[in-house]
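The values are calculated or read from the model by the stated rules, or taken from the named source; none is laboratory data. Everything numeric in this text was worked out from a predicted model, so none of it was measured. Cβ atoms come from the backbone with ideal geometry, glycine included; neighbour counts cover every protein chain shown. Surface areas here come from the heavy atoms of the whole protein model, side chains and all, with no ligands, DNA or RNA. Shrake-Rupley method; radii C 1.70, N 1.55, O 1.52, S 1.80 Å.
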Amino acid sequence: MAEIVIVPDDQVAGELAAEAILRRLIDQPEPVLGLATGSTPTSTYHAMVRRAAGQDWLKNLKAFALDEYVGLPDGHPESYAEVLRREFIEPMGLVPEQVMLPPGGLDGLSTAAAQYEAAIADSGGIDVQILGIGTDGHIGFNEPGSSLGSRTRVKTLAESTRRDNARFFSSLDEVPVHCITQGLGTVLDSRHLILLAFGAHKADAIAAAVEGPVSASLPASVVQLHPHVTVLVDEPAATKFNHGDYYRFAYANKFEWQHL
Ligand code: F6R
């Protein structure tokens, strides 16, 4: 079941996403959250911090990041470990041990990938996974051509992704070439996916992801195979949908029990 919700802007999306995430996690004895990085989840993290930072139940929370660059030195400000520390872990009042990332050191990557999969499984699995989408249709760092059943592994970043992410670095040359990412199969194991897309530059990718054929050429299209996906899209990102009017109508007329 996918629910596609078109909202005015990323702030509204962040509030809706935070509400859905917290509702899902708060009553779990051992809640597990899947984190994305990049600019997309910022409004969701801010809303989560406003609503729940420091609450007692958070002591039981575990979180797993989707991906990490490979080869950045420890403590690099643009490593996803650092970004999540600044933007989520500390503002939320979590301790670093509660949040796992796939390790981006150069040694033992394939063992580390298998261990990461095992850690997710040992946690009982991810209750809700936050996802952004790349302009080339990636989720996590599963670039076009990724197997729909893939698990955590090392990938080479697409040139377009490196260019998109160069805004976080001083030059394109500084953007790593490799990453370690949960696979599409790993993502599908999460119990609820929340896919966010903001801005006109995401319009083609998000339309193809939810309306196009399911294909390794557009890795985010794998979400169509998941039983519970919520897609939150701002107006500029919603311009390429074939069925945008239907999504608006369906959301406005949803049953009382239908919720994000
Ligand atoms: C990062 C991740 C990526 C990003 C995507 C969009 O953890 O999973 O798939 O969500 O590259 O990046 P932004 O949000 O910066 O546009």
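Of the whole protein surface, Arg153 contributes about 50 Å² of accessible area at a 1.4 Å probe radius. Between Thr239 and Arg167, the simple spin-label model (points 7 angstrom out along Cα→Cβ) gives 1.6 nm.
Would you mind classifying region 155-201 by shape? Square roots of the alpha carbon gyration tensor eigenvalues, ordered a ≥ b ≥ c; an a/c under 1.5 is rounded, otherwise it is prolate if a/b is larger than b/c and oblate if not. Taking the square roots of the gyration eigenvalues as a ≥ b ≥ c, region 155-201 is oblate.
Shown are Leu225, Leu101, whose ranking by accessible area with a 1.4 Å probe and every protein chain present, most to least, is Leu225, Leu101.
Largest GNM mean-square fluctuation among Leu172, Leu35, Leu196, using the chain with Cα springs under 10 Å: Leu172. At q = 0.12, 0.13, 0.15 Å⁻¹, work out log10 I(q)/I(0) for the chain with the Debye formula, treating every Cα as an identical point scatterer and leaving solvent out; two decimals please. These q points yield log10 I(q)/I(0) values of -0.66, -0.79, -1.08.
For the chain, what is the percent of antiparallel DSSP beta bridges, rounded to the nearest 5? Of all bridge pairs located within the chain, approximately 30 percent are antiparallel. Which one, Ile120, Ile180, Ile139, has the greatest fluctuation when you compute a Gaussian network model over the chain with C-alpha springs under 10 angstrom? Among Ile120, Ile180, Ile139, the largest mean-square fluctuation in the Gaussian network model of the chain belongs to Ile120. Mean residue ellipticity, 222 nm, helices only, the chain: the sum of -39500 (n - 2.57) across DSSP H runs of n ≥ 4, divided by residue count and rounded to 500, is -8500 deg cm²/dmol.
Full extension of the chain segment joining Ala250 with Asp107 gains 46.5 nm, where the gain is 0.36 nm per residue of separation less the Cα-Cα distance. Between Phe168, Phe249, Phe241, the Gaussian network model of the chain with springs among Cα atoms under 10 angstrom shows the greatest mean-square fluctuation at Phe249.
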